[in-house]
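Peer 1: The structure that follows is given in the form of structure tokens.
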Amino acid sequence: MNADEYIRFEEKYGANNYHPLDVVINRGEGVWVYDVDGKKYLDCLSAYSAVNQGHVHPKILSVLIEQAKKITLTSRAFRNDQLPLFYKELSELSGYDMSLPMNSGAEAVETALKLARKWAYQVKGIPRHQAEIITCAGNFHGRTISTISFSSESLYRDDFGPFTPGFVSVPYGDAEAIAGSINSNTAAVLLEPIQGEAGVIVPPDGYLRIVANLCKENNVLFIADEIQTGLGRTGKLFACQHEEVRPDITIIGKALSGGFYPVSAIVADQPLLGLFTPGEHGSTFGGNPLAAAIAREAIKVLVDEKMIENSAILGEYFKDQLSEISSENIKEVRGRGLFIGVVLNSNAGGARRFCEKLQEHGILAKETHENIIRFAPPLVIDKDTIDWALPHIRYVLRMK
């Protein structure tokens, strides 16, 4: 079948909950993907940072195949030989005592919220069911009922209430607003160290450190959602490390499997994660042997192949080159590492048309919030590939 036929089937039989570019991909390798007609594209989205290690990384693929031949799922009713090693290696990588694996990023966020609430009642002494969690406007923490309850995006909320109570929203990047919202019932502050879906919004310098100190001073947990920003995307293992901040709970996902399988987790120290008791929280697939084996190899290649360092070096280069583009369409270029947003002026005609034109030039990027183009290629990209892409990007961003 050709691309038009695939698109027709998708639009006829699939729920219309996405607006993808009209490219039908059937193969990927490293930073490149190929459509059903054989055309080659540079992937500058990385499946929202889920394929930091590049498409179909051969070492992760090998582990997936070998583990799939042995056993894929035991449920947590029984133990398996991969999960204990995953626990150990993830603690050694992250510096936290313990972890709790789930599947999707949204599940990991929900896990962190449940843990924060239990801590609030069992440790801090907040009256039961009165805990409040401070969140930030512009956030994206998932699409469950609870996570959209503290979203400020009307599209995510309008037809899906009533909402889960217990959340307080403040402007992102405003530490004083957080300070002013903390009260005796505040259990936690939840935020993204860089807001991804909002358009790669980098908070003011020192913001994360101030928030972390506020939390410590007020006996409040600091929860960082590093699902997109973590595991090397910003040039550090975790984006919070740019300010030498260590949250009480860090949420990870996406690249934790290198794009092969849904794997997420929260990491925290024993006094926190030790609060969960058997039966209080779980998942049929969370921590299964296939997921654990894949995640072990995904974090191994991330470190062994110095992808985090590559993100720091080439991210700075890519951002500098984009910043130097002279175009009346561009308002601002921002980001850290290989997590870059090009903000367009309001009269540029919207980001979608630029992404469609980039597709014609063999580059796949994603618009967000109408006027922002996000560039986030796999962390295995090299300078020669960036240099190949730059003339095409310059051409497209200068078009009328």
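Peer 1: Taking the options Arg334, Arg296, name whichever one is in a strand (DSSP E or B) and within 22 Å of the chain's Cα centre (by Cα).
Peer 2: Within the list Arg334, Arg296, the selection yields Arg334.
Peer 1: Restricting to the stretch 297-350, what's the tally of residues that are closer than 30 Å to Glu92 by Cβ, surrounded by fewer than 20 Cβ atoms within 10 Å (Cβ to Cβ) and of a type outside the set (A, V, I, L, M, F, W, C)?
Peer 2: Result for the stretch 297-350: 6.
Peer 1: Which of (1) in contact (Cβ under 8 Å) with a residue 24 or more places away in the chain; (2) crowded, with 16+ Cβ neighbours inside 10 Å; (3) of a type outside the set (Lys, Arg) is the odd one out, the single condition Asp382 does not satisfy?
Peer 2: (2)
Peer 1: Mind checking which pairs have a first residue in the stretch 190-204 that is in the same structural domain as Gly335 (by TED's automatic domain parsing) and closer than 9 Å to Thr368 by Cα and a second that is in a loop (DSSP other than H, G, I, E, B) and of a type outside the set (S, T, N, Q), Cβ under 6 Å, 6 or more apart or different chains?
Peer 2: none
Peer 1: What are the residues in the stretch 21-54 that are without any contact (Cβ under 8 Å) to a residue 12 or more places away in the chain and outside any strand (DSSP E or B), if any?
Peer 2: Once the filter is applied, which keeps residues that are without any contact (Cβ under 8 Å) to a residue 12 or more places away in the chain and outside any strand (DSSP E or B), the stretch 21-54 yields only Gly38.
Peer 1: Here is a further query. What number of residues in the stretch 167-193 are touching a Leu at 6+ places or on another chain (Cβ under 9 Å) and assigned to a loop (DSSP other than H, G, I, E, B)?
Peer 2: 3
Peer 1: Further question: Taking into account only those residues within the stretch 145-185 that are among the aromatic types (Phe, Trp, Tyr) and surrounded by fewer than 16 Cβ atoms within 10 Å (Cβ to Cβ), which is farthest from Lys216 (Cα to Cα)?
Peer 2: Phe160
Peer 1: Follow-up. Considering each residue of the stretch 68-82, count those that are within 16 Å of His281 (Cα to Cα), of a type outside the set (Gly, Ala, Ser) and free of Cβ contacts under 8 Å to residues at least 12 places away in the same chain, and give that number.
Peer 2: Result for the stretch 68-82: 1.
Peer 1: Search the stretch 128-144 for residues being more than 19 Å from the chain's Cα centre (by Cα) and of a type in the set (A, V, I, L, M), and hand back the single one that is surrounded by the fewest Cβ atoms within 10 Å (Cβ to Cβ).
Peer 2: Ala131
The values are calculated or read from the model by the stated rules, or taken from the named source; none is laboratory data. What you see is a predicted model; the values in this text were computed from it and never measured. Methodologically, a virtual Cβ is constructed for each residue, glycine included, from the backbone with ideal geometry; neighbour enumeration extends over all protein chains shown.
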